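S.K.: Mind having a look at this structure? Questions to follow.
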Amino acid sequence: MSHGLINTLQENRKNIHEQAKVLLDGADAEKRDLNAEESQTFERMNEDLDAIGARIEQIRAFEARKADADAAMTEVMSGAQSRNSEAPIMDEVRSFLRGEKAAVTLDRDVKFRDLTKGTPGSGGATVPTSFYGQLMEHIIETSGVMAAKPTVLETASGETFEVPVTTSYSTATLTAENVALTESDPAFAKRSLGAYKYGIIVQAPRELIEDTGVDLEGFLARQCGRGLGNGFGTDLVVGNASSKPSGIVQTATTGVTGAASVAGAFTADNLIDLFYSVNSGYRSSKSAAWMMRDATIAAVRKLKEASTGAYLWAPGLQGAPDTILGKPVVSDPNVAAVALSAKSIIFGDFSAYFVRIAGGIRFERSTDFAFNTDQITFKAVLRGDGILA
């Protein structure tokens, strides 16, 4: 069922993209920019593209969680049935309780009595107030650098970790007969990775944990994970290497600078130049990707290659990511917005960026830390570093 829904959403996304292209092509044919009404329409289309893309990812994540839950339930039920000689009877009861059967007949002397919720003494006290058993979490923008497939190094401890790199290769020279060969040695260097600590503490009253009708502990665990991901992820993008990781923006070489006359706005030619400013070996890597914030992606969606008239941005279908010039696009809110002197678009082989995580990610629960207030404390800690090797 969800597979069909995803296909429908992907088709809707493709149709919106085609409508946006028609809008842009019309303005382009008349050699003008979008007017106010067209701009509003285009912005709504961009929002719909992003919303549908996010919805598709939510459905995929839900299916993954559902598959895990079903597998766990199957394991539990199979174990219970193997231990219980009355499994057939219990199956009948479960079917009745789920509402799959209007009645159930048991081959033994079992007495049933009706309870009504109208009278407290006859069952009314057992009927809870209706409550939706799932916490509706608001969506936040999270760091996308880990989705760009960097090289992740997991170490057991946090001592300084050295990464050897080459800075130049040996080169051969044309040599005449009886002439000594020219020595050409490769050059090496090393990059050091430390283990900077990122941590978060969240506290909740014991009563809230024990009495809540939702999976509050699971929510708090996700909160801690997102907090770590955003804190660490921000520095992996824009960290200045001063008692923190060296972010991609900090260490990447400037490939193309946009014209100052248009407040830093880039053209399709600028993106093509940036694409080819990267060494072909890195450019052809499976980990080569673009990274920018959502507002910048919206601007890229308007750009066409001058020689062919083809749009640089293409929507992903059938589970494939959105692409620019055939390479996937990763959104990260930490990349700077388009402006003069701003590094607003990153392109390259992200596997050349090394992320070090020392000792894994610790998520711990304590009933002792806030003992006097009867609160339960959740702590998440990550130690890591990052550098462009």
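S.K.: Counting only residues that are under 26 Å from Asp235 (Cα atoms) and of a type outside the set (Val, Ile, Thr), which one in the stretch 248-262 is most open to solvent (accessible area, probe 1.4 Å)? Spell out the reasoning first.
M.R.: Pass one, the stretch 248-262, residues under 26 Å from Asp235 (Cα atoms): 248-258.
Subset that is of a type outside the set (Val, Ile, Thr): 250, 252, 255, 258.
Values: Gln250: 98, Ala252: 38, Gly255: 42, Gly258: 33 Å².
Applying the filter and picking the extreme gives Gln250.
S.K.: Answer yes or no as to whether Ser184 is more than 22 Å from Ala147 (Cβ to Cβ) and either among the basic types (Lys, Arg) or at pLDDT below 90 (or both).
M.R.: Yes, satisfied.
S.K.: Kindly provide the set of residues from the stretch 349-367 that are surrounded by 17 or more Cβ atoms within 10 Å (Cβ to Cβ) and either under 15 Å from Glu159 (Cα atoms) or not aliphatic (A, V, I, L, M) (or both), ordered by number.
M.R.: Asp349, Phe350, Ser351, Tyr353, Phe354, Val355, Arg356, Ile357, Ala358
S.K.: So how many residues does the stretch 201-234 have that are open to solvent by 50 Å² or more (accessible area, probe 1.4 Å), among the polar types (S, T, N, Q) and in a helix (DSSP H, G or I)?
M.R.: 1
S.K.: Scan the helices (runs of 4 or more DSSP H) fully inside the stretch 235-354 and keep the ones with 3 or more residues being more than 21 Å from the chain's Cα centre (by Cα).
M.R.: Values: elements: 248-251, 268-277, 280-283, 294-300.
Passing ranges, in order: 268-277, 280-283.
S.K.: Which residue is farthest from the chain's Cα centre (by Cα), if the candidates are limited to the stretch 180-200 and must be open to solvent by 80 Å² or more (accessible area, probe 1.4 Å) and either of a type in the set (Phe, Trp, Tyr) or farther than 19 Å from Gly384 by Cβ (or both)?
M.R.: Among those residues, the one meeting the criterion is Ala180.
S.K.: For Pro333, state whether it is in contact (Cβ under 8 Å) with a residue 40 or more places away in the chain, more than 21 Å from Val202 (Cα to Cα), surrounded by fewer than 19 Cβ atoms within 10 Å (Cβ to Cβ) and touching an Asp or Glu at 6+ places or on another chain (Cβ under 6 Å).
M.R.: Working: in contact (Cβ under 8 Å) with a residue 40 or more places away in the chain: yes; more than 21 Å from Val202 (Cα to Cα): yes; surrounded by fewer than 19 Cβ atoms within 10 Å (Cβ to Cβ): yes; touching an Asp or Glu at 6+ places or on another chain (Cβ under 6 Å): yes.
Answer is yes for this residue.
S.K.: Something else now. Considering Thr373, Thr377, which residue is at pLDDT 85 or above, open to solvent by 50 Å² or more (accessible area, probe 1.4 Å) and among the β-branched types (Val, Ile, Thr)?
M.R.: After ruling out the rest, the residue left standing is Thr373.
S.K.: Same structure, new question: Does any residue of the stretch 151-158 turn out to be within 27 Å of Leu236 (Cβ to Cβ), loosely packed, with under 11 Cβ neighbours inside 10 Å, within 29 Å of the chain's Cα centre (by Cα) and of a type in the set (A, V, I, L, M, F, W, C)?
M.R.: Yes, the stretch 151-158 contains a residue that is within 27 Å of Leu236 (Cβ to Cβ), loosely packed, with under 11 Cβ neighbours inside 10 Å, within 29 Å of the chain's Cα centre (by Cα) and of a type in the set (A, V, I, L, M, F, W, C).
The values are calculated or read from the model by the stated rules, or taken from the named source; none is laboratory data. Note that the coordinates shown come from a computational prediction; the quantities given were computed from them, not determined experimentally. Positions of Cβ are backbone-derived with ideal geometry, glycine not excepted, and every protein chain shown enters the neighbour counts. These area figures cover heavy atoms from the full protein model, side chains too; ligands, DNA and RNA do not enter into them. Shrake-Rupley method; radii C 1.70, N 1.55, O 1.52, S 1.80 Å.
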